[in-house]
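The values are calculated or read from the model by the stated rules, or taken from the named source; none is laboratory data. Not measured: the values here are computed from a predicted model. Here the Cβ positions follow ideal geometry from the backbone for every residue, glycine too, while neighbour counts run over all protein chains shown. Keep in mind that these areas ignore ligands, DNA and RNA; they rest on the heavy atoms of the full protein, side chains included. Shrake-Rupley method; radii C 1.70, N 1.55, O 1.52, S 1.80 Å.
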Amino acid sequence: MTPVTRQEVLGLYRKIFRIAKKWQSASGQIEETIKEKEYIKNEAKTLFRKNKNVMDPKLIKQCIEECEARIEIGLHYNIPYPRPIHLPPMGLAHKQGRTLRHQEKLRKISKPIYLKSHDEVS
């Protein structure tokens, strides 16, 4: 990892913890705010630890982009959890001659960048 990339990753990690420190839930309830703050911290720790041994520059860039996207979406919608995608069953492929395995592959490819690591960890 280059020094610039390392600084960028550490900056994102600090940014997430600063956001968690100031976080207020949309409902305004203290219990909900505490729960969401803990989720933000735990999710950051889990994902950063999971990816700490990644050495491929392309994968590092993808992880950074995912992190930035999740931060922006979370701040915009005031929801710390990843926004789910809604695809109807068999909605991506023709219903004739396509196998379920191919359908699952298409669903995985269509997943937004901010959800790439969510299913692997959660």
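When the range 26-69 is limited to residues that are touching a Lys or Arg at 6+ places or on another chain (Cβ under 8 Å) and closer than 19 Å to I79 by Cβ, the one that is most open to solvent (accessible area, probe 1.4 Å) turns out to be K37.
Quick one: in the range 36-94, of everything that is in a helix (DSSP H, G or I) and hydroxyl-bearing (S, T, Y), which residue is modelled with the lowest pLDDT? So, considering only residues that are in a helix (DSSP H, G or I) and hydroxyl-bearing (S, T, Y), the one modelled with the lowest pLDDT is Y77.
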